[in-house]
Every structure is written in structure tokens, then in C-alpha cells.
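This structure is in C-alpha cells; I'll ask about it shortly.
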Amino acid sequence: MIFNEQIKAFQAENLMLPGSWPDEMRARGFEVLDILYPDIGSLSRWARENGHTDLALHPDPVQILMEMVRNYKPDVIFIYAGAFFHINRPIRDLLRSAGSKDMVFSGFWGDELNAQLYEYSTYFGDLDFVFTSSDVYQKKFEMIGIPSRDIGNAFDTSIKYTPAPKQDIDVLFCGTTGFGIPEHFNRYQILKDVIPKINIKIYGDDRIEKLWRRAAIRMLKIGMWLPQKFWRIASRVLRSRVGHFLFRRGSQMADYYINAKISGIGPWVKLDQNMHPTVGIYDFLKPLRDLYPKKFSNSLLNGSEYMRLLSRAKIVLNIHRDEMADVGNIRCYEAAGIGVCLLTDRGKQFEPRFKPGVEIATFEGAEELVEKVKYLLSHDAERERIAAAGQRRCLADHTVGHRCDIIAKELQKLAHLVQGRSIGPPKSPLRKQILLARYDTEGQPISYDIAFFLQAAQIKRRQLGCDRLVVAMVPPKNIHNQPGVSDNVNQIVDGYARRFRMAHILVQMSDLMPGTDVLHMKDREIDPFAIGMDDAQIIHFPEEGIPHHSEYYKLVNEHPSMVPGFEASKEAHRYIRNWLDPIADGRRVIALTLRQYKVNPERNNNMKAWSRFLDQLDPKEYAVVVVPDTDAVKEYRESELQNYPIFEPACFDVDLRFALYEQAFLNMFVNNGPCIAATLSKSINYLMFKLVVPNTPTTDPEFIKLLGFRPNSTPTYATATQKWVWENDTYNVILREFNQMVDVIEGGKNKKETL
């Protein structure tokens, strides 16, 4: 292929690709086949005209697309915006198999990829280069190692229309009002607030739900009248043998109602598994068309009619999606290009493309929107000046032609780079890839929950094939007032204690993972993502924001075979051996770790049961060592267990704690932070009790299932000598499980000796 003379670009689009894009690319030396996908009519016609009779009679859009690739052998497949939702990763993989090994996949991205449903690294990880509508999107792609360039949306000068003779609409809004679309909830709220206060005309429809779903919602809402206690009792009854036989899925519906009482999202969301997770926020709201029918007109289908409609407006209103990456949607360029005054939110983020207050008008919030509308309508000269300046800027810098200049140059460069490489994103063999995992304590707990973040980061490193993991610990903005920390917890663990825990838990836990580097950021002003590392390619984890820590638990539970675990250092093991030898004197060590926390004390150890259990152990066979709660050493010295030796250094040194756990014959836990972290190690024998405690959020069965664990089961990443006991720590339960686990451990040892 001679890439500098001509490249075949294969373009796909969701509904309508702006008309001049193919022509502009042809003018720059590209041969372009413009595909409307998945339009069955046009695809079937191509199949019929090119001799694929069976496909024409029984059209399969994906198969026709593959035949197109085989027929034209394109050098570039360019996917425009929303078409990525149709030509997704599995389809792109099929197209790669049908094309040449050097075929380039590129495209323009300006839509939202819902973080609750998809990951950028998985959804877009195969792309070679991406053009984006904003710099925030560009950073998203750079964080996952995909080259990208922010070019912004564009105005298409090729669309012909007849300008309106006069501007007879004060304020015009075109598009969805946001009803039924969680990504547009802010738009819905703003429009609902301002419609009665301004003279606005809306062209578009609220999303209309299927009639069967509306009817089902009305029926299911009745169940929301009943208290949560009722559904908890119903769940238990329906799970019984008789209840399950009679009602089958009834217990599951009861669980949905329990979750609804907690989350505020109704159980009817479960009727459609493809539904957005938070679509239920609209269940008790009404479409704006129902509230203000006189303000609405039907949406337009023709591009020329749409442009003419814009020209009728004195002000075109724009409200972005509830996503900070959505800056400068195409409506902004259309309004400016037509020569109408654009009034939009997020105006400050438009720079340097448009100057707020000079080339566009801006607002933040419903109140300011109303004020700006009144001002602009009463100051014609100012409004017309902004409209004219915006049009001049748009036509000078932001047309489809301007964008194609950039796209053509980048594709030419990319085409040269890919010659001779294997399929997939370009990766220089001389440049290392580092996964930089950022643990931001502004929204993440300063606790042993870090263990699951670390394991998830290592899993992600392996999935992406990165050479090394670097973990950055970032302090909160104000460690004495950390978000999410309740007053009662703050009284026990204040800001000074949290700073201590950052160094003695977060950083030390990271040190227990071989091949992991740690950045302990003591100043939030320093952005670890801005730090260069020997010219290595940096890939970020998480890709954006601060996910709930449950996401890391779920990733670990979804990939149990990829959990690397933790390892205590050799020096820590030497220290523990020297300390244990005179205490153990050849006996098996039973290490009991206590929870004696002042918050949720019902989760603490049943001290009487544990005292009775330890007292019945044969002192000639077993040596008991106790690890007290870090914040309750004094309380331990006054407890029933005070006569047993304690290893106090484990309270403050994670490495020593894990070395003790690894050397013990058996560890005995109740559900608490350091013990949950210890369960991730492959070298620790343990029993863990008291996993469910009623009326405490983090030990609620629904929350435990949210983390990816299965009630009444031991996690799949556990070994044979590790067990979760889903019962309280009563004497009989402790004794029963202890005897069974001793048999398992001894059986395993005897088996190894026999081998």
C-alpha cells in the first residue's frame, strides 16, 4: 500500500453523517465509502448489487459489513460517534478478521459511555486512534493508552436551507428534554424549572415508555407502600421450602423491594436487564410535554428544515448531558454557524473554541438562565453582536473542512506507523507500559479496603499486559473532615489517626505486593497522573473519577484465578520466628485476631465463647497468640483473654501481622478489616466467623452480594484451608469448625508427605 498517495477510508454512522464529511475527505485524496449502519435497506441493496443474493434476501447487517470489508479491503475504518454503539468491540474484532492485518480502526467520539455498564479500556481497547469532541474525552483515551486528539464538533456548511424571514421565536430548544434518560436528568430539571418563566418553544419529544412497562410499574408501585420490615419477613418466608415451591421467584421480588427501600430505585427496573441502572429516578416524575403541552412541537426529520428552524430563533438554548466530558455538543456549532445567539451551560469550558460573553452567551443554573434570557431579549444589539461574533468564529475555525484537515493528516501519519505491525493498538516494544493506580482517599476509605483495590489493580495490570504497577496514595483535601466519615467514627478515628493509617495501612499493604511501587503523596496539589516515569507509557486505573470501593471487590470476585495475594517479607518472618519460638516451643500456633471496635459493637467477638473455646484447647498441643484490636489494647488487658500472650506489634505493622498469620497453624477471625485483607493471601490458613450482622450496612446480605460474594459460600479465590463461616461465633460453632479445619489441614499435610 502507498499510504501517502491514497488511503481507502471506510466510514460508518448511526443515523446521519453530516453531508460534507465524505466529500471533504475525498478532496484530501481519500477514496471514501460512506455506510449507513445498520440500515437494512441500503445494506441489502449493496449485497444484491454485488452478487450476495442470499444476504440480500435474508440480510444480516454484520455479515454484509464483513463482505464489504473483504470486497474493498479498506486501509482505514472510521466510525463516527454513536455508530460505536452499533459497531461495538465484538463486531470490530470480526471486521479485523475479514480485513488486512494492517487495517486501522479510528473514529470520532463525543457520546457518553456509561461507567456503570462499560469500561473505556474494554470497549475501546482495540482502537488505533480516536478523535474526540472535548479535551476531557481525549484524556479518557490517553489514560487507557490509546492515542487521541481533541478536535471538537463541527458545523456543516454544505446543508442547504432557506433562512427564515424573521426571528419569531424568543427561545428555542431542540432535542430530548431528558425525561426517561438518566444522563439528561439535569436538563430535565432545568427545563422543568424555567419553562413557566420564559417564552420558550420546544421541538422534540419526551421519551415514551412501552405501554406494558408503564402498566407493570403502576402495579409494582403498590408494593412500595409496604414497609421494609414486611419485605424482609416475606423474603424469609418465601425462601422456605414450602414458599419456594408455591411462589418460585417471589423471594427474589421481595429482595428487589428491600433493595428499593435502600436505594430509592423501584424493583420495576429489573424488568429489563438492558435498562440504565438509575432510570428509576423518573418513575415518580412526568414528561414535560404532559406538564406544558402548549410549549411543544413535533421534532423535525429534515436537516434543511432544522436549519431553517434555528434561524427563526433569537436565542438557541443548549443544556449538556450530566457528564463533564460533554462540552460543546453539535447543537452549539449548529446554532453558532447559523448566526443565532447561543445560550449554553459550561461556557467557561468552551475556551479556546468560543469566547464566553463575546461569541456565545453562558449560564450556570436555572436562575441565571432566566436572567440571561431576559437580558438578551431586552438588549437586541448585544444579542445580535454575540450571534455575529459566534458565526464568524465558527466559519473561520470550526467547519467540517477544518476538522477533516486534521483527520487527514493524522490518518496519513498513522497509516505509515502501522505498516508491518500486528493487529491491535500500536505499542512500541522499546517503551514500557506502567499501570498507575490512583487511590484517592477523598472518596475512598483509609482502611484495609485498600487490599481489594490493590488486588483489582494487579488484575487490571495483567489484563492490559502492563509491565509494572505503580500505586499512588492521595490524601483527602482535608484529612480532618474526610467525606463519608460519620461523626461517631470521627470521634474514634480522627484526622491524625487517619494520617497515621495512610502510612501504616495503605502504604504498608502496597508493600506486601511483589513488583509494586508506591507513591505516598502527602500533598494533594501534586497530581501523580502528571508524573513522568522514564518515558514509559502510562495507563491510568481507575480510568476516571473515584469509583465506590465495591467495584474493586467485584473485580476480584469476577477474576479469582488472577488474584495475586500478599506476601510478608523475609525479615518479618525472621522476626516472627524469633518471637514465636520460645512461646510455641514446638506446638501449633493458633492466632486469634479480635474486633473490639466502639462502632457497631455487635460485630465484635463474642468474648465469652472465645474464652471458653481457648480454655478447652490442649495446652500441650496448641499455643495461643492473640492480636488485639489496634484501638483497644487497653480493653484487651481487662478482658477474659488477658492471660494469653498478645503480639502487639501486629497492631501497627502490617508486614509483621501477615508474617504472624502466615506462620500460624490456624488463624481465627471475625469479619473485620485486617482479617478481610488477610483472606486474600494464599499462605494463610483461617476460619472467619460472623459475616452477617443485622442492621449494620457493611454486613447486610444485600451489600455483601453487591460486592460479588455469595452468601453461605467461601470466595472462589480462597484455598482449601480457608473458610468463611456464615454463622455467629458461638462456642459450639467455633469448636465444630475448628475440628473440621484441623482435619483438612492435617489431611493436606499427610497427603503432601505421602507424595
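Mind checking the full-extension length gain between GLU305 and ASP397? Use 0.36 nm per residue of separation minus the Cα-Cα distance, one decimal, nm. Write down the numbers at each step before the final one.
Numbers: separation 92, 0.36 × 92 = 33.12 nm, distance 2.48 nm.
Additional length available on full extension: 30.6 nm.
While we're on this one: Is the shape of segment 570-754 best called rounded, prolate or oblate, per the rule: a/c under 1.5 gives rounded, else a/b larger than b/c gives prolate, else oblate, with a ≥ b ≥ c the square roots of the Cα gyration tensor eigenvalues? Kindly include the intermediate steps, with their values, before the conclusion.
Working: a/c = 1.44, a/b = 1.17, b/c = 1.23.
Rounded shape, in that the Cα axes give a/c under 1.5.
Is the shape of segment 39-120 best called rounded, prolate or oblate, per the rule: a/c under 1.5 gives rounded, else a/b larger than b/c gives prolate, else oblate, with a ≥ b ≥ c the square roots of the Cα gyration tensor eigenvalues? Kindly include the intermediate steps, with their values, before the conclusion.
Working: a/c = 2.36, a/b = 1.59, b/c = 1.48.
Verdict is prolate for segment 39-120.
At a 10 Å Cβ-Cβ cut-off, how would you order SER42, SER713, fewest neighbours first?
On the way: SER42 14, SER713 10.
Fewest to most other Cβ atoms nearby, the residues stand as SER713, SER42.
Only Cα pairs under 8 Å and at least 6 apart count here; give the relative contact order of segment 570-754 as a rounded whole percent.
On the way: 261 pairs, mean separation 39.9, N = 185.
Result for segment 570-754 is 22 percent.
For an R0 of 25 angstrom, estimate the FRET efficiency from the Cβ-Cβ distance between GLU367 and ASP168 and round to the nearest 0.05. Display every interim value, and only then the final one.
Values: r = 27 Å, r/R0 = 1.07.
Calculated value: 0.40.
Sticking with this structure for a sec: Using a simple spin-label model with points 7 Å from Cα along the Cα→Cβ vector, what separation in nm is obtained for THR157 and HIS480?
Computed distance between label sites THR157 and HIS480 equals 6.0 nm.
Figure the gain on full extension for PHE703 and MET607 (residue separation times 0.36 nm, minus the Cα-Cα span) and round it to one decimal in nm. Can you show the working numbers first?
Values: separation 96, 0.36 × 96 = 34.56 nm, distance 2.65 nm.
Result for the pair: 31.9 nm of gain on full extension.
Arrange TRP724, TRP109 by Cβ neighbour counts within 10 Å, fewest through most, would you? Before the final figure, lay out the partial values.
Details: TRP724 20, TRP109 25.
By the 10 Å Cβ count, ascending: TRP724, TRP109.
Now for a different question. Under a cut-off of 13 Å between alpha-carbon atoms, report the aspartates and glutamates in cross-link reach of LYS570, not counting same-chain residues fewer than 8 places apart.
ASP511, ASP655, GLU662
Here is a follow-up. If we count other beta carbons within 10 Å of each Cβ, what is the order of THR362, THR157, fewest first? Walk me through the numbers before you get to the answer.
Working: THR362 20, THR157 16.
Taking fewest neighbouring Cβ atoms as first place, the list is THR157, THR362.
Just so you know, all these numbers are worked out from the coordinates, no wet-lab data involved. Note that the structure is a prediction, hence the values are computed from the model and not measured. Using ideal geometry, Cβ is built from the backbone for each residue, glycine included, and neighbour counts are taken over all protein chains shown.
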